[in-house]
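One structure is given below, encoded as structure tokens.
The values are calculated or read from the model by the stated rules, or taken from the named source; none is laboratory data. Here the structure is a predicted model, which means the values were calculated and not measured. Cβ atoms come from the backbone with ideal geometry, glycine included; neighbour counts cover every protein chain shown. Only protein heavy atoms, including side chains, enter the accessible area calculation; ligands, DNA and RNA are left aside. Shrake-Rupley method; radii C 1.70, N 1.55, O 1.52, S 1.80 Å.
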Amino acid sequence: MVQSNPIMELNLWLANEHEKGVSNPNHAVLSTVSLENTPHSRVIAIREITDEGLVFFTQRRTRKVEELSHNLSVSLVFWLELLQREIIIEGKVIALDEKENARYWENYPQWAQIRFLSYAPTSMQEISSKKLLETKRQELEKYFENKSIPLSLEYCGFRVQPERMVFYAYRTDELSDVWEYTRKEESWHLCTLSP
């Protein structure tokens, strides 16, 4: 039975994939567009999924943040390999405010905060050696032992607000199932698509 709310359907599909044995199915391919209209895709971890949208975090000086500052339109794709399902999401992003960033940062495990602080200032920049980052990580572990870590200025989050969601279930016993949700003002319109 298809849910009337696509966020409920998404959460159900992710839970089903988790039950099948995937430890963390909340990873999706995020696609943005450069100023030169070149698509750019990478895998991101989705930290929260609610009716307000899908939340992810990154470093401020990354290519994706630069691209999002010029074009708020994005696409997300979840591939659920064990169940042979795909979810395509198209929408706009909004940047989280500092209060929201701080709330997520405070709930981030300390080991993850330290890893972030180790690489965030140089993320996706050329470095002479990974050893420099490992040394920095070890120094940060010693420095912050038994201390709370303040919010990094590099840490920033975004919320993807879906406008269109397509659910594709591959079938071998019959033709595959595809349905599409499109946002119409404050509600969702659901229709079936040909595979």
Inset, instruction - Could you please let me know if Ala120 is loosely packed, with under 14 Cβ neighbours inside 10 Å, part of a helix (DSSP H, G or I) and among the small types (Gly, Ala, Ser)? - result: no
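Please state which one of Leu14, Leu10, Leu30, Leu68 is under 13 Å from the mean Cα position of the chain (by Cα) and surrounded by 18 or more Cβ atoms within 10 Å (Cβ to Cβ). First the steps, then the outcome.
Working: Leu14 fails: under 13 Å from the mean Cα position of the chain (by Cα); Leu10 fails: under 13 Å from the mean Cα position of the chain (by Cα); Leu68 fails: under 13 Å from the mean Cα position of the chain (by Cα).
Residue meeting the stated conditions: Leu30.
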Inset, instruction - Report, by residue number, each residue of region 136-195 that is among the hydroxyl-bearing types (Ser, Thr, Tyr), open to solvent by 100 Å² or more (accessible area, probe 1.4 Å) and in a strand (DSSP E or B). - result: Thr192
Inset, instruction - Scan (1) loosely packed, with under 15 Cβ neighbours inside 10 Å; (2) among the small types (Gly, Ala, Ser); (3) within 19 Å of Asn11 (Cβ to Cβ) for the single condition Ala102 breaks and write down its number. - result: (3)
Inset, instruction - Could you figure out which of (1) open to solvent by 30 Å² or more (accessible area, probe 1.4 Å); (2) within 27 Å of Ala120 (Cβ to Cβ); (3) over 14 Å from the mean Cα position of the chain (by Cα) isn't true of Gln3? - result: (2)
Inset, instruction - Consider only pairs whose beta carbons are under 7 Å apart and that are at least six residues apart or on different chains; among these, list those whose first residue lies in region 1-24 and is at pLDDT below 95 and whose second residue is open to solvent by less than 30 Å² (accessible area, probe 1.4 Å). - result: Val2/Glu9; Gln3/Glu9
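Does Ser41 satisfy the criteria of being open to solvent by 40 Å² or more (accessible area, probe 1.4 Å), part of a strand (DSSP E or B) and without any contact (Cβ under 8 Å) to a residue 40 or more places away in the chain? Quick ask: steps written out before the conclusion?
Details: open to solvent by 40 Å² or more (accessible area, probe 1.4 Å): yes; part of a strand (DSSP E or B): yes; without any contact (Cβ under 8 Å) to a residue 40 or more places away in the chain: yes.
Judged against the criteria, Ser41 is a match.
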